[in-house]
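S.K.: Quick one: structure below, then a few questions.
The values are calculated or read from the model by the stated rules, or taken from the named source; none is laboratory data. This is a predicted model, so every value here is computed, not measured. Positions of Cβ are generated from backbone atoms using ideal geometry, with glycine treated the same way; all protein chains shown enter the neighbour counts. Note: accessible area is taken over every heavy atom of the protein model, side chains too, but ligands, DNA and RNA are not part of it. Shrake-Rupley method; radii C 1.70, N 1.55, O 1.52, S 1.80 Å.
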Amino acid sequence: MPKQVHRGPGILDSGLPFSQVVEANGFVFMAGQVGDAPGTHGAVAGGVAAQTRAMLDNVGRLLRAVGLDYGDVVRSTVYLVDFDAFAEYNAIYREYFPIDPPARATVGVARLVGDYLVEIEVTAARRA
């Protein structure tokens, strides 16, 4: 299957030079998602916990837009500004991936764009 850039309902154009969701060979690659409300700019209020929920809700919205769900995620990379917030972020992450969670890396970073504290990128796979 050649590369397909997904567009349409549930997939908002950021206006930036990248695609939100790209599919190739049965894998769905999602651009980094942050803790904002769809169609707005800037982090939701409430720190890491609120941003993690909003971030994972954004992931779910994009997955559903292409006919997938959290159970189809096979890998994630999470970027976390404050590793002291790891337990807080991890507890919320576990709510979204309670059974057979995807492979994951969590990376401590000095800074993310804007006032975001956490960002995730995911890869999902279509079931055969």
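S.K.: Can you give the local net charge around F86? Use residues other than it whose beta-carbon is closer than 15 angstrom to its beta-carbon, Lys and Arg +1, Asp and Glu -1.
M.R.: Here the count lands on -2.
S.K.: So if each residue of separation counts as 0.36 nm, and I subtract the Cα-Cα distance between D82 and A128, what length gain in nm does that give?
M.R.: So the chain would gain 12.7 nm between D82 and A128.
S.K.: What GluC sites (Glu not before Pro) does region 78-128 have in DSSP loop regions with at most 16 other beta carbons within 10 Å?
M.R.: none
S.K.: Give the long-range amide H neighbours of T106: residues separated by 5 or more places, or on another chain, with amide H under 5 Å away, using H modelled in the peptide plane at 1.01 Å from N.
M.R.: Amide H to amide H, under 5 Å and 5 or more residues apart or across chains, T106 pairs with V78.
S.K.: So what J values fall out for region 36-47 if you push phi through Karplus, 6.51 cos²θ - 1.76 cosθ + 1.60 with θ = phi - 60°, rounded to Hz, Gly and Pro as x?
M.R.: For region 36-47, the Karplus-derived couplings read 10, 7, x, x, 10, 10, x, 5, 5, 6, x, x Hz, x marking Gly and Pro.
S.K.: Stick to the Cα atoms of the chain, pair each with every other, and give me the Kirkwood hydrodynamic radius in Å at one decimal.
M.R.: By the Kirkwood definition, the hydrodynamic radius is 14.9 Å.
S.K.: May I ask for log10 I(q)/I(0) of region 58-123 at q = 0.11, 0.26, 0.29 Å⁻¹, from a Debye sum over the Cα atoms as equal point scatterers with solvent left out?
M.R.: -0.26, -1.23, -1.35
S.K.: Of the options A110, A128, N58, report the single residue whose Cα projects farthest towards the positive end of the charge dipole of the chain (beta-carbon charges: Lys, Arg +1; Asp, Glu -1).
M.R.: Checked the options; the winner is A128.
S.K.: Can you pull the percent of the chain's accessible area that's carbon plus sulfur, 1.4 Å probe, other chains left in place?
M.R.: 56 percent
S.K.: For helix 86-96, report the angle its Cα long axis makes with the longest principal axis of the Cα atoms of the chain; keep it between 0 and 90° and round to the nearest 10°.
M.R.: The answer is roughly 40 degrees.
S.K.: Percent antiparallel among DSSP beta bridges with both residues in region 32-128, to the nearest 5?
M.R.: 60 percent
S.K.: How much area per residue is accessible in the chain when the probe is 1.4 Å and only protein heavy atoms are counted (Å²)?
M.R.: 54 Å²
S.K.: State, to one decimal in nm, how far the label point of F97 lies from the label point of N25, with both points 7 Å from Cα in the Cβ direction.
M.R.: About 2.1 nm, to one decimal.
S.K.: Using the Cα centre as the reference, give the magnitude of the dipole from point charges on the C-beta atoms of region 32-128 (Lys, Arg: +1; Asp, Glu: -1; all else neutral), rounded to the nearest 20 debye.
M.R.: Roughly 360 debye, rounded to the nearest 20.
S.K.: Tell me, in nm to one decimal, what length is gained between D115 and Q4 on full extension, where the rule is 0.36 nm per residue of separation less the Cα-Cα distance?
M.R.: 36.8 nm
S.K.: If you don't mind, there's one more thing I want to ask. Explain nothing, just compute: Karplus ³J(HN,Hα) = 6.51 cos²θ - 1.76 cosθ + 1.60, θ = phi - 60°, for every residue of region 60-67 in order, whole Hz, x for Gly and Pro.
M.R.: Using θ = phi - 60°, the values come out as x, 4, 5, 4, 4, 5, 10, x Hz.
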